[in-house]
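The values are calculated or read from the model by the stated rules, or taken from the named source; none is laboratory data. Note that the structure is a prediction, hence the values are computed from the model and not measured. Cβ sites come from the backbone with ideal geometry, for glycine too, and all protein chains shown count toward neighbours.
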Amino acid sequence: MNEGQLRNENWLLYRLDYVWRNYFADVPQTNRVFVKFGRQARFRFGSIRYCYGDNSTHIRINGLFRDPSVPSEIVDHTLAHELAHYTHGFSSPHPKMHLYPHRGGIIDKELTKRGLGHLIKFYNIWVKNYIKSLSVLVLFSPVFFN
Ligand SMILES: [Zn+2]
């Protein structure tokens, strides 16, 4: 990877802003929300955490996604996934709308409702190729964490 060509935190913030303004405009930002590239991980693409100390939300995106060869749709999909959690009141000050963050396909339902079905399709195709590209023998159907 050429360091000079890697995406930076400003680029990531721009993508979050883009996804939020265009697809989650009805969801008010009621606390400080930080977004950063985190560690490089094979099976964890993103995470969202709430800090009770200062009432802030922290979104982390897989450090591997700094590489521009990872399509921006995959970054947007991960950001949208975390924003769906925020919308549902997980790791955010919003009221909790569900008992569990993922059960019942609520994330994909939320994204589809918001006109992001194209990102789900893109992700599903990309992730199949991604699994094939892993340099480990994957003997199970991997579960990806967001
Ligand atoms: Zn999730």
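Quick notes on this one:
- Hey, Arg60 of a type in the set (D, E, K, R), more than 17 Å from His94 (Cα to Cα) and either out of contact with any Cys (no Cβ under 6 Å at 6 or more places or on another chain) or crowded, with 21+ Cβ neighbours inside 10 Å (or both) or not: yes
- Gly105 falls short on exactly one of the conditions (1) of a type outside the set (S, T, N, Q); (2) modelled with pLDDT under 95; (3) within 17 Å of the chain's Cα centre (by Cα), and that condition is (2).
- From Lys121, Lys96, residue being more than 16 Å from the ligand (Cβ to nearest atom) and either modelled with pLDDT of 95 or more or under 13 Å from the mean Cα position of the chain (by Cα) (or both): Lys121
- Selection count, segment 99-118, where residues are within 14 Å of the ligand (Cβ to nearest atom) and either surrounded by 12 or more Cβ atoms within 10 Å (Cβ to Cβ) or assigned to a helix (DSSP H, G or I) (or both): 11
- The sole residue among Arg60, Arg44, Arg32, Arg49 that is under 15 Å from Tyr130 (Cα atoms) and of a type outside the set (A, V, I, L, M) is Arg44.
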